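Below: one structure, written as structure tokens.
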Amino acid sequence: QVQLVESGGGLVQAGGSLRLSCAASGRTVSSNAMAWFRQPPGKEREFVAASGLNTFYSSSVKGRFTISRDNAKNTLYLQMNSLKPDDTAVYYCAAGRYRDWSTNENDYAYWGPGTQVTVSS
């Protein structure tokens, strides 16, 4: 069993930056794909970025967000730069069932409770 806890969310002005962290416990996740999803207010949850054999980003965040992981700390990160009001959402980290990344929620077995990111204009 894997437990995931996100941190680092908050309120930031447009153009600012935040770094989200996701600490995993229970067992190592170094062999699992890891990803970030987000759920904007009133919308469905959507894929943001993933790390597996390589990394992949949604078109809406590519060039602004960077996903990384520290396997020694069993921790996943999301560096978010040039934030926009449209980035406002609850951000979730997820650990995958497989080694390679996927944009499909069903390929992720473990989820954190989420952290709120609010970007003001």
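Roll a 1.4 angstrom probe over the protein heavy atoms and tell me the percent of accessible area of the stretch 8-121 that is carbon or sulfur.
Numbers: 2570 of 5670 Å².
Carbon plus sulfur share of accessible area: 45 percent.
List the trypsin sites (Lys or Arg not before Pro) within the stretch 41-116 that DSSP assigns to loop and that have no more than 13 neighbouring Cβ atoms inside 10 Å.
Sites meeting the loop and neighbour criteria: Lys43, Lys73, Arg97, Arg99.
What ³J(HN,Hα) values, in whole Hz, does the Karplus curve 6.51 cos²θ - 1.76 cosθ + 1.60 give for the stretch 28-43 when θ = phi - 60°, with x put for Gly and Pro?
Calculated HN-Hα couplings, in order: 5, 10, 5, 9, 9, 5, 10, 8, 10, 10, 8, 10, x, x, x, 10 Hz.
Below 8 Å, C-alpha to C-alpha, sequence gap of six or more: please give me the relative contact order for the chain in percent.
After rounding, I find 37 percent.
Quick query: amide H of Tyr108 versus all other amide H atoms, modeled in the peptide plane; which residues come in under 5 Å with a sequence gap of 5 or more or a different chain?
Arg97
Using the Karplus curve 6.51 cos²θ - 1.76 cosθ + 1.60 with θ = phi - 60°, what ³J(HN,Hα) values do you get for each residue of the stretch 49-61, in whole Hz, with x for Gly and Pro?
7, 9, 10, x, 5, 8, 10, 8, 10, 5, 5, 6, 10
I need the GluC sites (Glu not before Pro) found in the stretch 30-121, filtered to DSSP loop residues with at most 11 other beta carbons within 10 Å of theirs. Could the numbers behind the result be given before it?
Numbers: sites: Glu44, Glu46, Glu105; in loops: Glu44.
Listed in order of number, the matching sites are Glu44.
Step through the residues of the stretch 68-75 one at a time and calculate ³J(HN,Hα) from phi using the Karplus curve (6.51 cos²θ - 1.76 cosθ + 1.60, θ = phi - 60°), rounding each to whole Hz and writing x for Gly and Pro.
Rounded to whole hertz, the list is 8, 9, 10, 5, 5, 9, 6, 10.
Mark the label point 7 Å from the Cα of Asn54 along Cα→Cβ and return the residues of the stretch 93-108 whose backbone N is within less than 20 Å of it.
Counting only backbone N, you get 96, 98-104.
Roughly how many Å² is the accessible area per residue of the stretch 1-74, as a whole number, for a 1.4 Å probe?
53 Å²
Using the Cα atoms of the chain, I'd like the radius of gyration and the largest Cα-Cα distance, Dmax, both in angstrom.
Rg and Dmax of the chain, Cα atoms, are 13.2, 40 Å.
I need the shape label for the stretch 6-46. Rule: rounded when a/c is under 1.5, else prolate if a/b > b/c, else oblate, with a, b, c from the alpha carbon gyration tensor.
Oblate shape, in that a/c is at least 1.5 and b/c is the bigger or equal ratio.
Using +1 at the Cβ of each Lys and Arg and -1 at the Cβ of each Asp and Glu in the stretch 7-121, identify which of Pro113, Gly42, Val29 lies farthest towards the dipole's positive end.
In the stretch 7-121, that residue is Val29.
The values are calculated or read from the model by the stated rules, or taken from the named source; none is laboratory data. Everything numeric in this text was worked out from a predicted model, so none of it was measured. When we count neighbours, we look across all protein chains shown, and the Cβ atoms used for this are built from the backbone with ideal geometry, even at glycine. Keep in mind that these areas ignore ligands, DNA and RNA; they rest on the heavy atoms of the full protein, side chains included. Shrake-Rupley method; radii C 1.70, N 1.55, O 1.52, S 1.80 Å.
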